[in-house]
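Data first, discussion second: the structure below is written as structure tokens.
The values are calculated or read from the model by the stated rules, or taken from the named source; none is laboratory data. Quantities reported herein were computed from a predicted structural model and do not represent experimental measurements. As a convention, Cβ positions derive from the backbone with ideal geometry for all residues, glycine included, and neighbour counts pool all protein chains shown. SASA here: full protein model, heavy atoms, side chains in, ligands and nucleic acids out. Shrake-Rupley method; radii C 1.70, N 1.55, O 1.52, S 1.80 Å.
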Amino acid sequence: MACYDVPEGVDIRGRFDEEFAKILTRDALQFVADLQREFRGRIRYALECRRDAKRRYNSRELPGFDPATKFIREGDWVCAPAPPAVEDRTVEITGPVDRKMIINALNSGAKVFMADFEDSLSPSWENLMRGHVNLRDAVNGTISFHDQGRNRVYKLNNKIAKLFVRPRGWHLPEAHILIDGEPATGCLVDFGLYFFHNHATFRATQGAGFGPFFYLPKMEHSREAKIWNCVFERAEKFAGIGRGSIRATVLIETLPAVFQMNEILYELRDHSSGLNCGRWDYIFSYVKTFQAHPDRLLPDRVQVGMTQHFMRSYSDLLIRTCHRRGVHAMGGMAAQIPIRDNPAANEAALELVRKDKLREVRAGHDGTWAAHPGLIPAILQVFTSNMGNEPNQIQTAKREDADCITEEDLLQRPGGVRTMEGLRLNTRVGIQYIAAWLTGTGSVPLYNLMEDAATAEISRVQNWQWLKYGVVLDGEGAKVKVTLDLFARVVEEEMAKIEREVGAEKFGRGMYKEARQIFTKQCTAPELDDFLTLDAYNKIVVHHPKVSSRL
């Protein structure tokens with residue numbers, strides 16, 4: 001039987017494939033194993049610190065700025081200047097490491113494509129390994145895709161976006177690869193395999209001597225950024241490239257991290273390429289952080305936009321922090337997708353995108369995110385017409401006024417109402433997203449928006465919080481209290497609506513019933529699980545126990 005050639009202490013439980021074996025080489029696996037062994041103790045400690053912070057917040061403590069690192073926040077240090085290849089990041093497109101997606105995104109006209117192993121990818125063995133094959137081919141410039149249905153071949157244009165890669169967060173395991181008998185850390189697998197195979201070619205072709213470039217998700221504290229910095233230094237030393245060659249943008253997408261922005265940049269200062277407003281995960285994190293605070297319930301998710309005071313304060317402080325330290329301040333995701341069968345609705349959606357991006361560029365952001373190529377021309381027009389000929393606003397939008405933003409600004413309770421339609425939409429989106437995720441799709445178009453794990457998480461935790469505290473819903477005439485019985489009825493009715501929308505045949509083939517079970521369990525659990533995907537991950541792990549034993 002064919003098997004992977006693995007170094008000592010490494011066991012691969014995923015399906016054998018000859019293409020995968022070109023990624024899972026003995027030397028590449030040794031590199032990943034060395035990273036795992038060097039950093040696993042520090043990773044465990046960082047995750048235990050997260051659990052300790054959660055216990056404090058559940059005891060009604062509030063997150064805030066750390067007095068012990070005041071000297072960092074008040075210091076005059078700056079990060080390394082942006083590499084010339086990524087000075088202009090006015091619009092970035094994101095998506096999973098699907099082969100056709102990679103080609104279309106790199107050809108989209110965006111300045112950057114963030115290839116995602118995290119929230120927009122269902123981390124099955126097949127998706128992860130094919131993703132690495134696809135990225136290798138993209139970096140080599142050889143990637144192509146033959147769409148049999150359309151009889152069309154997709155190839156790279158002469159001019160393509162710069163490639164950033166987002167590995168998974170520290171908390172996610174890779175259960176198909178065991179190192180010394182325990183699952184590998186997902187992000188070290190993602191980073192290690194990509195870096196090992198692509199650093200030299202990437203620096204020669206895309207990075208102009210720098211890179212590879214990364215996005216780092218889900219961090220809550222600068223100690224987690226410090227681990228990444230050490231990983232980068234270890235990788236640079238291994239490859240024989242200069243310190244600071246690797247660059248990474250950190251997503252500020254947890255509430256605790258907003259109070260650690262200076263400290264995160266400080267730890268990564270030789271490797272930093274700025275911060276990004278991961279606003280959907282940030283909303284999820286607000287609910288999760290305040291899960292034991294019944295006085296801080298969010299309104300319907302559609303009402304929690306950047307005009308809310310706590311969201312605007314977060315964005316403004318991020319811009320101020322980044323520009324003070326000489327790095328990019330990236331705006332949030334435009335999740336709209338084109339509405340092809342309704343030009344009027346499509347134009348209305350585009351106008352919302354333009355207004356959001358105009359707010360971002362005038363606030364001082366250096367660039368922003370789009371979920372769909374169809375949004376890129378409109379977003380580029382907004383940014384370029386407001387930035388002149390400059391590639392960014394690092395030197396021109398200092399935002400000293402944001403120095404007065406306080407802990408209270410960042411924690412201010414949001415206004416708005418909670419409605420039955422909000423409960424129904426959360427339920428409908430959550431179940432449909434999980435059903436897609438279980439069948440291998442992590443980026444799902446629903447109701448003219450591109451949904452990923454972050455928006456599914458908002459749906460889940462908001463339902464959980466409303467149930468836990470028996471929220472009384474507004475806007476229905478007679479007030480309605482959210483109870484287990486009401487939620488059960490809503491789930492039944494929304495399942496019927498989903499079946500009508502997708503059709504009986506697709507509904508029967510899909511994993512909607514399994515998704516309903518997971519979502520309902522998560523929403524009604526006595527204790528809030530940290531991540532939806534941790535529980536659901538066990539449903540997509542497929543072990544092949546004997547394929548990795550050497551002959």
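Odds and ends about this structure:
- Only one of 297, 255, 251 that is open to solvent by 20 Å² or more (accessible area, probe 1.4 Å), within 25 Å of residue 531 (Cβ to Cβ) and touching a Phe, Trp or Tyr at 6+ places or on another chain (Cβ under 7 Å): 297
- Restricted to the stretch 75-107, and to residues there that are touching a Pro at 6+ places or on another chain (Cβ under 9 Å) and polar (S, T, N, Q), the residue that is surrounded by the most Cβ atoms within 10 Å (Cβ to Cβ) is 90.
- Condition check for residue 362: outside any loop (DSSP other than H, G, I, E, B), of a type in the set (Lys, Arg) and closer than 30 Å to residue 430 by Cα: no
- Index of the failed condition, residue 427 passing every other in (1) under 21 Å from the mean Cα position of the chain (by Cα); (2) open to solvent by less than 10 Å² (accessible area, probe 1.4 Å): (1)
- 3 or more residues farther than 21 Å from residue 453 by Cβ, more than 21 Å from the chain's Cα centre (by Cα) and in contact (Cβ under 8 Å) with a residue 60 or more places away in the chain: qualifying helices (runs of 4 or more DSSP H) within the stretch 211-268: 222-239
- Test: residue in the stretch 195-208 that is under 17 Å from the mean Cα position of the chain (by Cα), assigned to a loop (DSSP other than H, G, I, E, B) and on the phi > 0 side of the Ramachandran plot: no
- Look at the stretch 499-520: where a residue is free of Cβ contacts under 8 Å to residues at least 24 places away in the same chain and a partner is of a type in the set (Asp, Glu) and surrounded by fewer than 18 Cβ atoms within 10 Å (Cβ to Cβ), sitting 6+ places away or on another chain with Cβ atoms under 8 Å, you get 507/499.
- Selection status of residue 276, in a helix (DSSP H, G or I) and modelled with pLDDT of 95 or more: no
- Pairs meeting the criteria (first residue in the stretch 393-413 and under 18 Å from residue 306 (Cβ atoms) and touching a residue at least 24 places away in the same chain (Cβ under 8 Å), second residue part of a loop (DSSP other than H, G, I, E, B) and open to solvent by 50 Å² or more (accessible area, probe 1.4 Å), beta carbons under 7 Å, at least 6 apart or on different chains) are 411/62.
- Pair list, Cβ under 7 Å, 6 or more apart: the stretch 478-492 residue in a strand (DSSP E or B), other residue open to solvent by less than 50 Å² (accessible area, probe 1.4 Å): 480/420; 480/473; 480/486; 481/470
- Matching residues, the stretch 300-327, being part of a loop (DSSP other than H, G, I, E, B), open to solvent by 10 Å² or more (accessible area, probe 1.4 Å) and over 24 Å from residue 475 (Cβ atoms): 326
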